[in-house]
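These notes are about the structure you will find just below.
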Amino acid sequence: MNAVTATRALAQRNSNGLLVLVCLAQYMVILDVSIVNVALPAIHDDLNFSTAGLQWVVNAYTLTFAGFLMLGGRASDLLGRRRVFLGGTALFVLASLTCAVAGSQAVLLGARALQGLGAAIISPASLAIIATSFGEGRDRNRALGVWGAMAGLGGSSGVLLGGALTQGVGWPAIFLINVPIGLAVVLLGPRVVPEGRTESDQKHFDASGAILVTGGLTALVYGIVRTDTLNWGSPGVLVPLALGAVLLTLFAIVEGKLSPDPLMPLRIFRMPRLRAANLVIILLYSGFFAMWFFLSLYLQQVHHDGALETGLAFLPMTLAIVAASSLAPRVVARFGVRNVLTAGMLFTTAGLALFAGIDPGSSYAGHFLPAGLLAAVGLGFALVPATIAAVQGVPASESGLASGMLNTSRLVGGALGLAVLSTLATSRTNSRLADGVATLQAHTDGYQLAFGVGAILCLLGGIAAVTLMGGLAKAPPPAALAEESAS
């Protein structure tokens, strides 16, 4: 019995427990992307952050998360998925405790970056565990549907939990909530998670590649963020942008020519499903991720809602994401990956386009709720088929790499989208204030621009789904997938 067969036999005996545990860990790491949004005003006041610096409470996590995802995926393939998964969870718990007791900006940002490193280990390992523990077809699609639901649920419920904890206990509680979740995963993991390791004599992790891609992305986003106070042509913007471009170019050279065992082998881009899914995910999260950030600020700054009230406003969106993600595998089986993915992107586009029409007098029931439900349903129907497409036919030995790439696309898209849309919104608001427009309207005008650009990005993702997944209109039969994987 080979390693993959043994892994699946063990997984079948513990399938429900395995799925719950890995999805709980995935929920935790995605929760920490969004849970801070409602707490940002409280963190701003307590630790004296500037407006521009406050973005790094989010970006310190998402950029480290994105930069080290592929390294985390490779480690799970070579060192064993259970060992890496549980080790990353322990690191995440430690970093969460540090965030909760942080008394300065530097400590909080450093701990957030350490959280991102832990998340970069957990997330690809969790998806790789699912991809190698469940056979192609219905079982895997169901598991991926639950995994996708956790990703969407973590993003939306984070606002609700963040509001309740910030208003009721204080902002440190948004980090302490990770401790019991993480400890439960660490204690129960050895019993239900298969070890899962790719047999290989080479154990080169390509740390240089991870450092280059992380440094390049950080410099690139920093340059974009600086445009909220500087002109695009100023050295403070051009220098980090140029540095980011150089580092990312060096990363491509190292991966293509120099590394004996590259972090991202260029041959991975010859997989059309994986390539198309990653492009769609980048566009989806570039437009959608910043929505949580802007809606949280809009409700608190324009509507003057409290943190808890803001969190409760997102509850219907949370339920819609869970429902759509849970239903998506069955809809994919009926209508095919391409059709469901395209529909999901169009729903998200419609929701963001409606948000682009908000004004200070917009009501919750008449505007916020229908727009939010459209966008939430779209996310559920887009994320699950994109994930299915990304892992179909990928050999078990490269499941961690494929998982890392998909998660990298999601986080990179989200981080860059937040930086670009925040810059556009801030610039629009400042321009309107300079024209003498009232403060509430000026802020709203900035949010309108951000939502409008986000809708355009999601529309481009829908177009990409239609044009690049033409051969994926129907999911291939399991026999064909097994043959392709073996070849």
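Charge dipole of region 67-171 (Cα centre as origin; +1 on each Lys and Arg Cβ, -1 on each Asp and Glu Cβ, all else neutral): 160 debye, rounded to the nearest 20. Considering only 292, 249, 371, and ranking their Cα positions along the charge dipole of the chain that arises from unit charges at the beta-carbon of Lys, Arg, Asp and Glu, the one farthest toward the positive end is 249. Taking Cα atoms only, the orientation of helix 138-168 departs from the longest principal axis of the chain by about 30 degrees.
Please compute the net charge surrounding residue 277, taking Lys and Arg as +1 and Asp and Glu as -1 over other residues with Cβ under 13 Å from its Cβ.
+4
Placing unit charges on the Cβ atoms only, positive for Lys and Arg and negative for Asp and Glu, gives the chain a dipole magnitude near 1140 debye about its Cα centre.
The shape of region 12-84 comes out oblate: with a ≥ b ≥ c from the C-alpha gyration tensor, a/c is at least 1.5 while a/b does not beat b/c. Computed about the Cα centre, the dipole magnitude for region 332-442 is approximately 140 debye when only Lys and Arg (+1) and Asp and Glu (-1) carry charge, each at its Cβ.
Rounded if a/c is under 1.5, else prolate if a/b beats b/c, else oblate: with a ≥ b ≥ c from the C-alpha gyration tensor eigenvalues square-rooted, which is region 320-435? Since a/c reaches 1.5 but b/c is at least a/b, the shape of region 320-435 is classed as oblate.
Pairwise Cα distances in region 237-366 exceed 21 Å for 62 percent of all pairs.
The numbers here are math on the coordinates, done by the rules we state, and not lab data. Quick caveat, the model's predicted, so the values are computed rather than measured. With ideal geometry, Cβ positions are generated from the backbone for all residues, glycine too; neighbour counts draw on all protein chains shown.
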